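The values are calculated or read from the model by the stated rules, or taken from the named source; none is laboratory data. If you're wondering where the values come from, they're calculated on a predicted model, not measured in any experiment. Backbone-built Cβ (ideal geometry, glycine too); neighbour counts: all protein chains shown. For the accessible areas, the whole protein counts, side chains as well, though only heavy atoms, and no ligand, DNA or RNA atoms are used. Shrake-Rupley method; radii C 1.70, N 1.55, O 1.52, S 1.80 Å.
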Amino acid sequence: MAGNTAQATQQPVKHFNLVRCVAVCLLILIVLVGLAVLITWLVIRPKRLVYTLENGSLQHFNLNNKHINATFDFVLMAYNPNTKTSVYYDSMESVVSYKDQTLAFVTIDPFHQPHRDTARVESKLVAQNLALSPSTYKDLRGEKSSGEIEVDVHYKSRVRFKVGMWKSKHRTLKIVCPSVKLHFSWSRHFENVPCEVEL
């Protein structure tokens, strides 16, 4: 009887030791992963990508019967301030909108941006006989008479980051350049627009 009692009391003790061992191993693993992430961050020191719309122009603008024809040209300057990280833009698209209505859309060729590099991204967006809502048509006619229109320019890209031989998974990069003023007169200078970034 005494032997059976001792054996019964040893089983919970062994089970407790096994659980404690697993818990300690998991804790050590979490700490090691955290240290690896921290060390990687300290070595790479990732900095935020910077985008500025440095030029924008409007040509062949015509409003007729609640439809628009226009050609929009933009130059986006993309600056990668990181010293060890390069960026792959595997796909990219640009949209110009006026008060939540899309006016034109274009896809941009993929490109790779090395570290400490400034890339010039040019895009030409064409609105061809695009139907407008009555309110948009009215507002655009009013702005045209003032000599300029104000639009928003959006970019969306699938990007990967490369550090040494390591490449990240794809992430979606969104760039918004708000309140872009386009002038009908060539004598008026385009004002640079700092863009907002969501990654």
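Of all residues in the range 76-99, those satisfying the criterion of being among the β-branched types (Val, Ile, Thr) and in a strand (DSSP E or B) are Thr85, Val87, Val95, Val96. The residues of the range 170-188 that are touching a Leu at 6+ places or on another chain (Cβ under 8 Å) and open to solvent by 50 Å² or more (accessible area, probe 1.4 Å), listed by number, are Arg171, Thr172, Lys174, Phe184.
Assess whether Val106 counts as being open to solvent by less than 40 Å² (accessible area, probe 1.4 Å), in the same structural domain as Gln59 (by the TED database) and either under 14 Å from Tyr88 (Cα atoms) or not in a strand (DSSP E or B) (or both). No: the conditions fail for Val106.
Tell me, please, whether a residue that is over 19 Å from Leu58 (Cβ atoms), assigned by the TED database to the domain that holds Met77, loosely packed, with under 12 Cβ neighbours inside 10 Å and hydrophobic (A, V, I, L, M, F, W, C) can be found in the range 162-169. Yes: the range 162-169 contains one or more residues that are over 19 Å from Leu58 (Cβ atoms), assigned by the TED database to the domain that holds Met77, loosely packed, with under 12 Cβ neighbours inside 10 Å and hydrophobic (A, V, I, L, M, F, W, C).
Residue by residue, here is whether (1) modelled with pLDDT under 95; (2) within 30 Å of Lys162 (Cα to Cα); (3) open to solvent by 20 Å² or more (accessible area, probe 1.4 Å); (4) part of a loop (DSSP other than H, G, I, E, B) holds:
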{"position": "Leu29", "(1), (2), (3), (4)": "yes, yes, yes, no"}
{"position": "Asn62", "(1), (2), (3), (4)": "no, no, yes, no"}
{"position": "Phe74", "(1), (2), (3), (4)": "no, yes, no, no"}
{"position": "Arg120", "(1), (2), (3), (4)": "no, yes, yes, no"}
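Evaluation of Glu150 against the conditions (1) surrounded by fewer than 16 Cβ atoms within 10 Å (Cβ to Cβ); (2) touching a Ser or Thr at 6+ places or on another chain (Cβ under 9 Å); (3) within 21 Å of His115 (Cα to Cα) shows that the sole unmet condition is (3).
Looking only at the range 103-144, residues that are hydroxyl-bearing (Ser, Thr, Tyr) and within 27 Å of the chain's Cα centre (by Cα) come to 3 in all. Going by the structure shown, is Leu42 open to solvent by 70 Å² or more (accessible area, probe 1.4 Å), modelled with pLDDT under 95 and within 24 Å of Met165 (Cβ to Cβ)? Considered against the rule, which asks whether it is open to solvent by 70 Å² or more (accessible area, probe 1.4 Å), modelled with pLDDT under 95 and within 24 Å of Met165 (Cβ to Cβ), Leu42 comes out as yes.
Looking for something surrounded by fewer than 14 Cβ atoms within 10 Å (Cβ to Cβ) and touching a Cys at 6+ places or on another chain (Cβ under 9 Å) - is there at least one such residue anywhere in the range 189-199? Within the range 189-199, one or more residues are surrounded by fewer than 14 Cβ atoms within 10 Å (Cβ to Cβ) and touching a Cys at 6+ places or on another chain (Cβ under 9 Å).
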